[in-house]
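The next block holds one structure in the form of structure tokens; read it before the comments.
The values are calculated or read from the model by the stated rules, or taken from the named source; none is laboratory data. Bear in mind that the values here come from a model prediction, so they are computed numbers and not experimental data. Positions of Cβ are generated from backbone atoms using ideal geometry, with glycine treated the same way; all protein chains shown enter the neighbour counts.
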Amino acid sequence: MLLSGAPAAGGVEAQNTYTLLISPKHPVPGGTIRVLAAGETDIEDARIVVNGPSGPLEPGKNKDGGGPPFWRSAEFRLGPEGDYTVSLVERRKTVRSLEVSVSSAAPPRKPTNAVWENERAWGRDAEALYSAWIDALFHDADERSSWPALHEVTRDPERNILHNRLGLGEDDPAGRTAVVMDPDCADNPFYLRAYFAWKLGLPFGFHECDRGRIDRAPRTGRWTTNTSPAGKANPVQAFNSFLRNVMNTIHSGTARTRLEDDGSDYYPMPLTRQALRPGVVYADPYGHTLVIVRWVAQSGDRPGALLAVDAQPDGTVGIKRFWKGNFLFTTSEVIGEPGFKAFRPIVMDGGRPRLLKNEEIAADPGYGDLSLQQKKMESAAFYETMERLINPKPLDPETAFRDLFQALHEQLIVRVESVANGESYMKAHPGAVVPMPGNAAAVFQAGGLWEDYSTPNRDMRLLIAMDTLLDFPDRIVRSPGSYKLPKRKTPEEVKKDLEALARKWAAEMSITYVRSNGTSQALTIEDILNRKDAFEMGYNPNDGIEVRWGAPEGSPELAACRRRAPSGQQEKMRSLRSWFRKRLHPPT
């Protein structure tokens, strides 16, 4: 159940336009309903009101989020059967309202051969709700937040406004069937979009896609939609089976099709605060994908942040902040075209789903946000543009530098868990050797155990993160106008101050990993930076954990190591080291 207002021309809101969503789809007496309101203008002064046969209901838990889109949610405990009115009220004026029938009678289930039927098409209202739902799903999460699987997030009724919306117990793990979602990074955006579309009866589709070549971007092939034959009578089982089909089809090349491609699953966005909303996907040049979940506004001396969620090969999902260490961007020597992209809208044409072409998206009053701005964009221009969006006011150098240290520290903490997962597997399978791909590019893109437990992609990002941190004091000298420098200090003096702070912070911040003999090993960021080059060879799960953390030869730390990668694999790694030195993945 949702209600939307009419969009203004050109994709720009000229007045307050809000959309309401009610969950569950069929409320019952005495049950709980969740209401989500989303719109293009701030609804800080608005409140959600529900009136029933016995009068107004007391709101329970409330949440809200800054936009765009701006949103607010509230819970209500229903009374007896009857007709209820859900309203969004702003300064005593009802902005939007929706009639809801509450009944204990189970609604008839329509027979269907499809995975799910389409009840409406995508448009501004559905997109606003999708963004708001993503924001609400990860609303209080930060860079330390992670979950073993995506379904661990959606099964949390405190997070998921759509929890059990269909009344099938679909998000209740104690039930007979429940939605299972354990995507990798490429699948993750599709899983989120499919889950939302299933809950609201919206069309959804995905393409087969090749991986492209260095001289040609990936190309799409056959399109599969939710109207495909389900193959299973139980709707939850049918949805799970559909997701497995998504997993078997989507890969790292899917998000890197040409920006002008009219038949791709994504279309390119402009680098503006209005366009980069929760739900927008970031495709990096080497196949990693993330989904924007929230903007944190710059406030006083506190830096702003852009947060995203990604998934790892083992199904773990976690929050990442935007910075060079997590969001790689280059248009040189890469396969396909990276950048921020949104799901291509699907409309209903003669009762059949159809993707909008780029020209239609650009002209559609509900969208109008297609842009080729990122095509062949220089890396420096990309990061400068994003920094201005995240921090519109120049930061003082110390605050900006401290923020980089914290971002690197968070990245190292995530690596502790990733490397420990590989170590746990190897200890559980003594004598086993994880096969290493022979092709250089495949080392970064292979599946199976290598993908699950090796870390070449993550370590490449870690090395770039270290470079960014170490370069920052010199950046102040190169671009002093980008920062709010202290009065009566030259850029060179500020650089010296920052270098002193770097030594202090590097000695204070640390991580701890468990060595092969079960003892704990603490490493400061200073230790990590001093052994930075070792991370060019630290991604192989067949090496002991001490090697993967760069323990120096002959050190007491390395003495506990009981496992090394086979000599043939070490030779392959040495041949790849030049790519790590260049901070580039080898092309296929």
- Working only within the stretch 138-151, note down all residues that are in contact (Cβ under 8 Å) with a residue 60 or more places away in the chain and touching a Pro at 6+ places or on another chain (Cβ under 9 Å). Phe138, Ala149, Leu150
- Counting only residues that are within 20 Å of Met377 (Cα to Cα) and either touching a Ser or Thr at 6+ places or on another chain (Cβ under 9 Å) or part of a helix (DSSP H, G or I) (or both), the stretch 255-266 contains a total of 7
- Query: Condition test on Leu395, is it crowded, with 19+ Cβ neighbours inside 10 Å and farther than 25 Å from Pro285 by Cβ?
  - Reply: yes
- Selection from the stretch 389-407 of residues within 18 Å of Trp295 (Cβ to Cβ), at pLDDT below 95 and in contact with a Leu (Cβ under 9 Å, 6 or more places away or on another chain) yields Asp403, Ala407
- Query: So which of Val49, Val35, Val28 is buried (at least 17 other Cβ atoms within 10 Å of the Cβ), of a type in the set (A, V, I, L, M, F, W, C), closer than 28 Å to Asn118 by Cβ and modelled with pLDDT of 90 or more?
  - Reply: Val35
- Item | Those residues of the stretch 517-531 which are surrounded by fewer than 19 Cβ atoms within 10 Å (Cβ to Cβ) and touching a residue at least 60 places away in the same chain (Cβ under 8 Å), in sequence order | Leu529
- Item | Failed item, numbered, when Ser555 is tested on (1) closer than 23 Å to Ala440 by Cα; (2) of a type in the set (S, T, N, Q); (3) in a loop (DSSP other than H, G, I, E, B) | (1)
- Message: On the basis of being aliphatic (A, V, I, L, M) and assigned to a loop (DSSP other than H, G, I, E, B), does Val334 make the cut?
- Response: yes
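Every residue, every condition in (1) more than 17 Å from Val317 (Cα to Cα); (2) among the small types (Gly, Ala, Ser); (3) in the same structural domain as His163 (by TED's automatic domain parsing); (4) modelled with pLDDT of 95 or more, yes or no:
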| position | (1), (2), (3), (4) |
| --- | --- |
| Asp187 | no, no, yes, yes |
| Trp198 | yes, no, yes, yes |
| Gly253 | yes, yes, yes, no |
| Gly263 | yes, yes, yes, no |
| Tyr266 | yes, no, yes, yes |
| Met269 | yes, no, yes, yes |
| Val281 | no, no, yes, yes |
| Pro285 | yes, no, yes, no |
- Task: Return the total of residues in the stretch 97-150 being of a type in the set (Lys, Arg) and crowded, with 22+ Cβ neighbours inside 10 Å.
- Result: 1
- Task: Determine which single condition Gly550 fails, assuming it passes every other condition in (1) closer than 30 Å to Glu333 by Cα; (2) part of a helix (DSSP H, G or I).
- Result: (2)
- Item | Set Arg165, Arg213, Arg193: member being in contact with a helix residue (DSSP H, G or I) (Cβ under 7 Å, 6 or more places away or on another chain), of a type in the set (D, E, K, R) and in contact (Cβ under 8 Å) with a residue 12 or more places away in the chain | Arg165
- Message: Out of everything in the stretch 474-502 that is without any contact (Cβ under 8 Å) to a residue 60 or more places away in the chain, under 33 Å from the mean Cα position of the chain (by Cα) and over 20 Å from Lys393 (Cβ atoms), what residue ends up being surrounded by the most Cβ atoms within 10 Å (Cβ to Cβ)?
- Response: Asp474
- Pairs returned, first residue in the stretch 408-423 that is farther than 13 Å from Asp459 by Cβ, second residue that is part of a helix (DSSP H, G or I) and of a type in the set (Val, Ile, Thr), beta-carbon separation under 6 angstrom, 6 or more apart or interchain, are Glu423/Ile545
- Item | Residue list for the stretch 52-66, restricted to those being in contact (Cβ under 8 Å) with a residue 40 or more places away in the chain and either in contact with a Ser or Thr (Cβ under 7 Å, 6 or more places away or on another chain) or crowded, with 19+ Cβ neighbours inside 10 Å (or both) | Gly52, Lys63, Gly65
- Some residue of the stretch 321-336 being within 28 Å of Ala420 (Cα to Cα), of a type in the set (Val, Ile, Thr) and crowded, with 21+ Cβ neighbours inside 10 Å: no
- Message: Condition first: within 29 Å of the chain's Cα centre (by Cα), on the phi > 0 side of the Ramachandran plot and at pLDDT below 95. Can you find one or more residues in the stretch 436-455 that meet it?
- Response: yes
- Note on the structure: Filtering the stretch 389-413 down to residues that are among the acidic types (Asp, Glu) and assigned to a helix (DSSP H, G or I) yields Glu398, Asp403, Glu410
- Note on the structure: Reported set for the stretch 151-195 where residues are within 24 Å of Gly60 (Cβ to Cβ), acidic (Asp, Glu) and surrounded by 23 or more Cβ atoms within 10 Å (Cβ to Cβ) is Glu170
- Please tell me if Thr85 is farther than 22 Å from Leu168 by Cα and of a type in the set (Val, Ile, Thr). yes
- How many residues does the stretch 181-205 hold that are more than 18 Å from the chain's Cα centre (by Cα) and either under 17 Å from Thr249 (Cα atoms) or assigned to a strand (DSSP E or B) (or both)? 2
